[in-house]
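The values are calculated or read from the model by the stated rules, or taken from the named source; none is laboratory data. These figures come from a predicted structure and were not determined experimentally. In this analysis, Cβ positions are derived from the backbone assuming ideal geometry, glycine residues included, and neighbour counts consider all displayed protein chains.
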Number of protein chains: 2
Amino acid sequence: MLRVLIVEDEVRLAEALGQIITEQKYQAEVVYDGETGLDYARSGQYDLIILDVMLPKRNGFEVVRKLREEKIATPVLLLTARDEVSDKVRGLDCGADDYMTKPFAPEELLARLRALSRRQGDVVLEELTFGDLKLNLSAYSLSCGTRSVHLGYKEFEILRLLMSNPQMVMPKESILTRVWGTESDAEDNNVEAYMSFLRKKFHYLGSKVTIGTVRKVGYRLEAPL
Amino acid sequence: MLRVLIVEDEVRLAEALGQIITEQKYQAEVVYDGETGLDYARSGQYDLIILDVMLPKRNGFEVVRKLREEKIATPVLLLTARDEVSDKVRGLDCGADDYMTKPFAPEELLARLRALSRRQGDVVLEELTFGDLKLNLSAYSLSCGTRSVHLGYKEFEILRLLMSNPQMVMPKESILTRVWGTESDAEDNNVEAYMSFLRKKFHYLGSKVTIGTVRKVGYRLEAPL
DNA sequence: GATTTTTTTCAGAGTATTTTCAGATTGGTA
DNA sequence: TACCAATCTGAAAATACTCTGAAAAAAATC
């Protein structure tokens, strides 16, 4: 079980991150300032740290640097509001492992976390299953029996979302914010179009799984009993 | 099984080295200061030592000199932050076998380790295979059936990376940092260009292996079923 | 110092993905 | 049943990413 420490002072964002990560069956712990973050991180019991740059008490750069000085090598993903190269360089110089500018699409964050933890040699979930479908998380492919198809980036993220919340209805809204991000101006029809793409691929694969529509709400995967 | 001792106080670098080496199926052990490094090295149970010059307690020069005085001939690869010839000369004078300045590309380190251990007469992995392709690690050549071609340094390192992680998608980003190094400003297109070179050579060799592209992610080798 | 090889750069062609749109379809409900 | 709103879907358009040949630049070799 992957343990993730989130150090983020914007409560709403912190909560959101916590939720996204918990949904992945990872364990998340949230703290709201740099000082506390550093204390928690020092325990060395985390597999990953998500660290905002702008923080009360101590900023993200300081925290990573301190950690590295103390020989704590837990991988750190830095979050920053600005898209300045200097920040990126500075972050990596301080010893961060990856870097992401806000706002971002949650699914992209997850992709990066997976990459980081794989790099670290941690055991990461490599495959999701639902009914007769298998989604290969490292190859971006979907298979059913012997057939297999490649999925594009968005097809993949959407399906991954559905498959990691089996039986749950995934609201169209959530899909939009999680795959397209909060800043995007994509509309409902974009999601609908992708559902159509996915259904086509399910059909091609000969899968028994279907994507059920819940009018005015969203979608969910359904396997025949 | 090759045993490698890493003496490096920058935790991140040490971890990275450990990982890179372990991925090669070598055995890595990491210590963080010169004194401990010397103690470990004295055991004589290592096939190779990677030794930073700037170290707490005892610097790298002292460590090698001590070792040689004690007739311990384990090959030493010195790492230094500066690119000063004087350091290089001094290092080799102390009895080091090779010398490398930080930062460096991980694949270059591996190349040097291979060279050192071959020089030493150790048994090293000499060949990688995938499908009908054989990559000769000491001759930098690639063969398929009876035909064979020479590969340039970068072609070689990239292909080695792909062949040592069969079936896995190797992110473009990883290829860049591992072959070009973290300090380089090479861009995605550089990788793309090399993929094109490699494909051309595969074709020339008449190999059935192809390089598959995973859009927005990276590449992987594919052998026909 | 000239030649060869390797590496980088660039631009246009080629492809896959993503968005957009409009007509067809569906489900709910008045 | 007839209507409306929501959804589906095929096709086209727009965009983003990748490939590749050629040439320039850099490095290695002779």
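Some values worked out for this structure:
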| read-out | value |
| --- | --- |
| Selection within the stretch B:96-116 - farther than 19 Å from B:Leu161 by Cβ, touching a residue at least 24 places away in the same chain (Cβ under 8 Å) and surrounded by fewer than 20 Cβ atoms within 10 Å (Cβ to Cβ) | B:Lys102 |
| Selected residue (only one of A:Glu29, A:Glu8, A:Glu15 is surrounded by 20 or more Cβ atoms within 10 Å (Cβ to Cβ) and in contact with a strand residue (DSSP E or B) (Cβ under 8 Å, 6 or more places away or on another chain)) | A:Glu8 |
| Residue in the stretch A:125-141 that is modelled with pLDDT under 80 and aliphatic (A, V, I, L, M) present | yes |
| Total residues in the stretch B:21-50, condition in contact with a Phe, Trp or Tyr (Cβ under 9 Å, 6 or more places away or on another chain) and hydrophobic (A, V, I, L, M, F, W, C) | 3 |
| In the stretch B:192-211, the residues that are without any contact (Cβ under 8 Å) to a residue 24 or more places away in the chain, closer than 18 Å to B:Pro166 by Cβ and exposed (fewer than 15 other Cβ atoms within 10 Å of the Cβ) | B:Arg199 |
| Where B:Val217 falls short, out of the listed (1) of a type in the set (A, V, I, L, M, F, W, C); (2) within 12 Å of another protein chain (Cβ to nearest Cβ); (3) more than 11 Å from DNA strand C (Cβ to nearest atom) | (3) |
| Inter-residue pairs, beta-carbon under 7 Å, first not assigned by TED's automatic domain parsing to the domain that holds B:Ala81 and of a type in the set (Phe, Trp, Tyr) and in the stretch B:174-191, second within 8 Å of DNA strand C (Cβ to nearest atom) and assigned to a loop (DSSP other than H, G, I, E, B), 6+ apart | B:Trp180/B:Ala186 |
| 1 or more residues away from DNA strand D (no atom under 13 Å from the Cβ) and more than 19 Å from the chain's Cα centre (by Cα): qualifying helices (runs of 4 or more DSSP H) within the stretch A:131-216 | A:188-205 |
| Answer residue from the stretch B:178-191, given it is within 11 Å of DNA strand C (Cβ to nearest atom) and surrounded by fewer than 19 Cβ atoms within 10 Å (Cβ to Cβ) and is farthest from B:Ile21 (Cα to Cα) among those | B:Asn189 |
| Some residue of the stretch A:167-177 being more than 14 Å from DNA strand C (Cβ to nearest atom), modelled with pLDDT under 90 and not hydrophobic (A, V, I, L, M, F, W, C) | yes |
| Residues of the stretch B:197-225 that turn out to be within 18 Å of B:Cys144 (Cα to Cα) and not aliphatic (A, V, I, L, M), as a count | 13 |
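Condition check ((1) under 28 Å from B:Asp47 (Cβ atoms); (2) small (Gly, Ala, Ser); (3) without any contact (Cβ under 8 Å) to a residue 40 or more places away in the chain) across all residues:
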position	(1), (2), (3)
B:Leu137	yes, no, yes
B:Cys144	no, no, no
B:Leu151	yes, no, no
B:Lys172	no, no, no
B:Arg215	no, no, yes
B:Gly218	no, yes, no
B:Glu222	no, no, yes
